[in-house]
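One structure below.
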Amino acid sequence: MAASRGELLGLTADELAALMVDWGEKPYHGRQLYGALYRRRQLDPESMTELSRSLRRKLESCVISLPRLQKRQRAADGTEKYLLELADGEKIECVLIPERKRNTLCISTQAGCPLDCRFCLTAMLGFGRNLNPAEILGQILYVLADRNLAIYSEGDGSRPALTNLVLMGMGEPLLNLDNVLKTLIILADPGGMAFSPRRITLSTVGLVPQLRKLAQAPVVPNLAVSLSATTDEVRDRLMPINRRYPIDTILRACADYPLKRNQRVTFEYVLMDGVNDSDDDARRLVKLLARLRSKVNLLPLNPGNANGLRPSPPERVNRFREILTGRSLPAYVRKPRGMDIYAACGQLHLAAGHHSRTTRTSRLDAIS
Ligand code: SAH
């Protein structure tokens, strides 16, 4: 039996149906199993009482494994950071961000990150490996169970619900595209979590060929692009990947990204004192984005990295935003969340000072 002792998490409904056929069962048991795993989130075959006893017995030879909790920290603002350990000892982080009307979970797609953005702490970790769909979904299932959260689509309002998912944790999702696409299919499946793609946002540095593939995928999430500069000269320095995919190639791919009604591409812009925060930068940004349906999230640099970069002062941030909004480009200043526990953007790095890896195992050259 090909898939026995296999991991059940991370299989799509179709794959589960095929597995049932392999086992000599009817394909619809695959759907049932899918509902048990993702709709009811029963992670122990014994509890799947709507399945026949003999099928449950067969399932016992499979594994359904969640990542293990290593550490959970709660910030003063209610943000909660989870440090999770995977089967092979790799460690990842995800962050639950409660707001007045929503609960957003920020998940990782890689252990560490091979990109080398100068302002981001995850870069200091180097690269471990890609996460598989079970490990990406495992973060969500872990936090749902830990916080006893519903999913918004189940919403009877009796308990708080997870309303938004952002692929903005550790790693570059588009370097792990196949696993990410499969995860999106599972998340959006109406027979399971029924998480609308409109409530899922994928953030990328802008890998052009992969971005074009994502645009054609069966489940297309909201797109956020980490831009953080208005000239290639500055972006080359801040984000070395820009040498491979310069700004205009990214913006052209964004122009072809399919948008539904009222949907926009988000551009994330980390504001750094004297580096990318001038009035000229603001005006150039407006020009660059002129032909795109877009909005800008401004993030004053979160501290923690040693490259001598400083956040733009608040007056600068406001002035920058006003130039954008004054020219009809929607722009928002993002309040950092969970800063006291290193949970804010660009701070995910396995708790300050405790790096699992001291040398970078992969560099830009290794990225195809
Ligand atoms: N690799 C993807 C997914 C990670 S998202 C990407 O870069 O988009 C992480 C976000 O945090 C990115 O928008 C990045 O620009 C931002 N970020 C990184 N370091 C930061 C810092 N020190 N302060 C504020 N934002 C930061």
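Couple of notes before you dig in:
- Residue in the stretch 248-263 that is more than 24 Å from LEU167 (Cα to Cα), away from the ligand (no atom under 16 Å from the Cβ) and surrounded by fewer than 23 Cβ atoms within 10 Å (Cβ to Cβ) present: no
- Listed by first and then second residue, the pairs linking a residue in the stretch 233-248 that is closer than 23 Å to ARG291 by Cα to a residue that is of a type in the set (Gly, Ala, Ser) and in a loop (DSSP other than H, G, I, E, B), with Cβ atoms under 6 Å apart and 6 or more places separating them unless they lie on different chains, are ARG235/ALA229; TYR245/GLY206.
- Remark: ALA111 matches the filter, which requires a residue to be buried (at least 24 other Cβ atoms within 10 Å of the Cβ), out of contact with any His (no Cβ under 9 Å at 6 or more places or on another chain) and more than 21 Å from TYR152 (Cα to Cα).
- Count - residues of the stretch 321-368 that are more than 30 Å from GLN73 (Cα to Cα), part of a loop (DSSP other than H, G, I, E, B) and either charged (D, E, K, R) or modelled with pLDDT under 90 (or both): 4
- Taken over the stretch 29-51, the residue count meeting the criterion of being free of Cβ contacts under 8 Å to residues at least 12 places away in the same chain and hydroxyl-bearing (Ser, Thr, Tyr) is 2.
- Counted residues, the stretch 264-286 - those being surrounded by fewer than 16 Cβ atoms within 10 Å (Cβ to Cβ) and of a type in the set (Asp, Glu): 3
- Among the numbered conditions (1) under 24 Å from PRO336 (Cβ atoms); (2) more than 16 Å from the ligand (Cβ to nearest atom), the only one that ILE241 does not meet is (2).
- Search result, residues across the stretch 296-320 that are away from the ligand (no atom under 11 Å from the Cβ), surrounded by fewer than 17 Cβ atoms within 10 Å (Cβ to Cβ) and not in a helix (DSSP H, G or I): ALA306, GLY308, PRO313
- A count restricted to the stretch 105-124 and to residues that are within 13 Å of the ligand (Cβ to nearest atom), part of a strand (DSSP E or B) and not small (Gly, Ala, Ser) stands at 2.
- Top-ranked residue of the stretch 274-295 - restricted to ones that are at negative phi, at pLDDT 95 or above and part of a loop (DSSP other than H, G, I, E, B), ranked as farthest from the chain's Cα centre (by Cα): SER278
- Test: residue in the stretch 180-200 that is within 15 Å of the chain's Cα centre (by Cα), modelled with pLDDT of 95 or more, within 13 Å of the ligand (Cβ to nearest atom) and in a helix (DSSP H, G or I): yes
- Among the residues of the stretch 205-243, just one is surrounded by fewer than 23 Cβ atoms within 10 Å (Cβ to Cβ), in contact with an Asp or Glu (Cβ under 7 Å, 6 or more places away or on another chain) and either outside the structural domain of ASN103 (by TED's automatic domain parsing) or polar (S, T, N, Q) (or both), namely THR230.
- When residues of the stretch 37-69 are limited to those that are touching a Pro at 6+ places or on another chain (Cβ under 9 Å) and assigned to a loop (DSSP other than H, G, I, E, B), the one surrounded by the fewest Cβ atoms within 10 Å (Cβ to Cβ): GLU60
- Looking across the stretch 273-288, the residues that are within 16 Å of the ligand (Cβ to nearest atom) and either outside the structural domain of GLY338 (by TED's automatic domain parsing) or within 24 Å of CYS254 (Cα to Cα) (or both) come down to ASN276, ASP277, ASP281, LEU285.
- Residue check for MET170: within 10 Å of the ligand (Cβ to nearest atom) and either in contact (Cβ under 8 Å) with a residue 60 or more places away in the chain or part of a strand (DSSP E or B) (or both): yes
- Test: residue in the stretch 249-264 that is within 26 Å of PRO300 (Cβ to Cβ), in contact (Cβ under 8 Å) with a residue 12 or more places away in the chain and in contact with an Asp or Glu (Cβ under 9 Å, 6 or more places away or on another chain): no
- Qualifying residues in the stretch 125-148 (those that are closer than 26 Å to LEU299 by Cβ and part of a loop (DSSP other than H, G, I, E, B)) - the one farthest from the ligand (Cβ to nearest atom): ARG147
- Within the stretch 145-179, the set of residues being acidic (Asp, Glu) and either in contact with a Lys or Arg (Cβ under 7 Å, 6 or more places away or on another chain) or at pLDDT below 95 (or both) comprises GLU154, ASP156.
The values are calculated or read from the model by the stated rules, or taken from the named source; none is laboratory data. Values in this document were obtained by computation on a predicted structure and should not be read as measured data. All Cβ positions, glycine included, derive from the backbone under ideal geometry; neighbour counts span all protein chains shown.
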